[in-house]
């Protein structure tokens with residue numbers, strides 16, 4: 001599978017990832033190489049094999065619905081430079 | 001002093017021949033003296049460490065010391081440490097002060113260890129050479145022109161240079177074992193789910209597993225024992241009583257069967273590597289184990305399957321870095337999309353970007369079945385091969401890496417060749433098995449690692465086989481030239 005510059009632009013947008021224009025081609029070449037290696041998987045027939053999502057095939061554990069976290073809003077928001085009145089600030093979204 | 005085992009250090013501390021403050025200061029001084037050239041430590045925790053050491057000394061004086069009380073260590077900078085910068089080797093988290101500590105860190109603190117600092121690593125644990133760190137490459141103490149391996153390369157280089165007796169690591173595709181091999185130390189990744197992932201910055205959640213890095217299997221066992229255990233804060237933590245990893249060290253290994261996968265000893269294996277590994281296996285045989293050839297027919301597909309599963313999970317996990325709540329934020333974004341794109345574009349390095357894009361690609365509409373589902377199916381085949389093999393053998397052995405440490409810069413322009421340096425280690429992560437690396441000699445003066453793989457939850461036996469090997473050999477006691485004073 002060869003990945004073109006347009007594919008890189010598209011997936012970078014899907015991942016909301018800014019990519020320098022002058023690097024797009026080299027990313028396309030690297031990703032094509034990686035996909036070429038990945039496609040060795042097609043050597044093996046996997047018809048009827050159940051996909052393995054968890055190495056130990058465990059199911060999600062449930063817990064009782066009780067409050068365990070304390071309110072640490074101020075501490076947790078210290079890592080953001082743009083906070084006001086306990087809210088995170090982002091550029092205007094709605095006019 | 002720097003080459004003493006944890007047992008010896010603990011005895012000296014408890015006999016009051018030495019205080020934890022003195023021991024901690026000794027290793028802090030070694031870090032200051034030697035780390036300028038190695039770059040294995042990102043953040044030093046001197047003041048808080050000496051306070052922790054003073055606290056440990058009180059516990060020792062009260063007669064309440066455990067085997068790790070007062071022992072200094074380093075933590076990989078992927079583990080959240082409350083009040084201390086936790087960068088994950090990335091510009092994205094250069095300003096991130098963790099608001100809480102990882103469970104593994106808390107458990108080691110409760111065991112009385114003293115945190116000297118945080119070790120360098122490949123950015124977000126994505127790399128096999130420690131060259132992708134925002135804080136610069138780590139050097140291998142055996143030859144500063146070569147890489148220490150990755151992603152836990154800072155921890156491996158620091159333990160190898162004896163800058164700390166033990167260090168934590170994480171292993172998603174070989175990130176404990178491969179750097180342990182390159183730096184001539186002992187490292188173990190336990191069964192998936194053994195050590196809590198809470199507070200360990202996520203790369204690929206179904207593969208990530210923390211473990212211990214040390215001079216010897218015995219030291220690694222003491223450290224892993226203290227880190228392991230069920231944690232309800234990690235939904236994938238395994239809820240079973242903790243195994244005793246220490247008291248079985250010293251048991252005879254007579255009658256054990258060691259399996260050698262023929263796929264790991266094929267014609268493409270380097271001749272000198274084969275000799276070193278076979279000599280190590282002969283030593284284990286001389287202790288009473290028998291050897292059997294086995295086959296893991298699908299193991300050659302582990303690197304391809306991994307480079308679908310790991311990037312897919314990484315692209316989801318790293319979506320949390322949006323420039324809003326924590327982490328790097330770009331200057332003057334013109335709108336929300338610009339904020340996301342530029343914060344992520346400027347905050348992440350090249351390899352992280354490649355993997356996020358790779359993950360977004362294989363998960364995108366129309367490709368899911370061909371790649372993600374296919375990889376998960378291949379993953380089951382690989383696991384089944386191991387399950388079948390462990391019906392016939394107790395431990396599987398191979399080289400840890402196809403070569404010794406390579407020269408810095410050699411593979412940075414060729415991601416696929418870099419990925420292939422994990423060809424012997426990745427299958428273990430896909431299957432969720434425990435694996436370790438122990439030093440077993442040198443090629444061109446660079447350390448060689450022997451990989452030992454155990455069955456699920458069989459870390460105790462795995463560590464004992466490594467320990468028995470280390471009773472017969474002294475590779476693990478060697479210190480690289482220039483770090484011996």
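Just so you know, all these numbers are worked out from the coordinates, no wet-lab data involved. Please read these numbers as outputs of a predicted model, since none were measured by experiment. Cβ coordinates were reconstructed from backbone atoms using ideal geometry, including for glycine residues, and neighbour counts include every protein chain displayed.
Peptides B:119-129, B:100-110 ranked from most to least packed by the mean count of surrounding Cβ atoms within 10 Å: B:119-129, B:100-110.
Would region B:260-318 count as rounded, prolate or oblate if I go by the C-alpha gyration tensor, calling it rounded below 1.5 in a/c and otherwise prolate when a/b exceeds b/c, oblate otherwise? Here region B:260-318 falls in the prolate category. Estimated from the Cβ-Cβ distance and a Förster radius of 30 angstrom, the FRET efficiency linking residue A:88 and residue B:316 is about 0.90. Exposure proxy ranking for B:88, B:80, based on other Cβ atoms within 10 angstrom of each Cβ and starting from the fewest, stands as B:80, B:88.
Quick check for you: which residues of region B:143-168 have the amide N under 11 Å from the point 7 Å beyond the Cα of residue B:416 toward its beta carbon? Of the residues in region B:143-168, none has backbone N under 11 Å from the label point off residue B:416. Ranked by the mean number of other Cβ atoms within 10 Å per residue, highest first, peptides B:288-296, A:41-49 order as B:288-296, A:41-49. Summed over qualifying helices (DSSP H, 4 residues or more, each -39500 (n - 2.57)) and divided by its residue number, chain B shows a 222 nm mean residue ellipticity of -11500 deg cm²/dmol. Diffusion coefficient of region B:404-451 by Stokes-Einstein, Kirkwood radius over Cα pairs, 4 °C, 1.567 mPa s: 104 µm²/s. Cα convex hull, region B:1-115: 101 Å³ per residue, rounded to a whole number. How fast does region B:107-253 diffuse by Stokes-Einstein, in µm²/s, taking the Kirkwood radius from C-alpha pairs at 20 °C and 1.002 mPa s? Translational diffusion coefficient: 139 µm²/s. Shielding of peptide A:80-89 by partners, expressed as the average count of other chain Cβ atoms within 10 Å per residue Cβ, is 2.
With all pairs of separate Cα atoms included, region B:215-264 yields a Kirkwood hydrodynamic radius of 13.8 Å.
Dividing the radius of gyration of the alpha carbons in chain A by their Kirkwood radius gives 1.16 for Rg/Rh. Once C-alpha pairs closer than 8 Å and six or more residues apart are averaged by separation and normalised to the residue number of chain A, the relative contact order reads 21 percent.
Considering only alpha-carbon pairs that sit under 8 angstrom and 6 or more positions apart, the relative contact order computed for chain B is 18 percent.
Shielding of peptide B:464-471 by partners, expressed as the average count of other chain Cβ atoms within 10 Å per residue Cβ, is 0. Histogrammed with a bin width of 5 Å, the alpha carbon distances of region B:56-104 distribute as 5, 19, 20, 15, 14, 13, 9, 4, 1 percent, first bin at zero. Let me know the whole percent of all Cα-Cα pairs from region B:168-284 that are separated by more than 18 Å. Counting every Cα pair in region B:168-284, those more than 18 Å apart make up 62 percent. When chain A is modelled as a GNM with alpha-carbon springs shorter than 10 Å, which of A:76, A:17, A:31 fluctuates the most? The residue that fluctuates most here is A:76. Counting every other Cβ atom within 10 Å of each residue's Cβ, A:61, B:344 order from fewest to most as A:61, B:344. Averaged over the residues of peptide A:28-35, the number of Cβ atoms from other protein chains lying within 10 Å of each residue's Cβ is 5. Whole Å is fine, so just give me how far the alpha carbon centre of region B:240-299 lies from that of region B:414-449. Measuring centre to centre over Cα atoms gives 14 Å. Highest-first packing order for the peptide set B:269-281, B:317-329 is B:317-329, B:269-281, based on the mean count of other beta carbon atoms within 10 Å. What the Cα convex hull of the protein assembly as shown gives, in volume per residue, is 160 Å³.
Evaluated at 25 °C with a viscosity of 0.890 mPa s, what Stokes-Einstein diffusion coefficient in µm²/s does region B:207-342 have when Rh comes from the Kirkwood expression over alpha-carbon pairs? Stokes-Einstein gives a translational diffusion coefficient of 121 µm²/s.
For chain B, the normalised intensity computed at q = 0.06, 0.09, 0.12 Å⁻¹ comes to -0.24, -0.54, -1.00 (log10 of I(q)/I(0), Debye sum over alpha carbons, equal scatterers, no solvent).
An ellipsoid equivalent to region B:341-442, defined through the eigenvalues of its Cα gyration tensor, has semi-axes of 30, 23, 10 Å when rounded to whole angstrom and sorted largest first.
As a rough footprinting exposure proxy, the listed residues B:411, A:10 were ranked by other beta carbons within 10 Å of their own, and the order from fewest upward is A:10, B:411. Counting every pair of alpha carbons in region B:151-207, the share spaced more than 15 Å apart comes to 45 percent.
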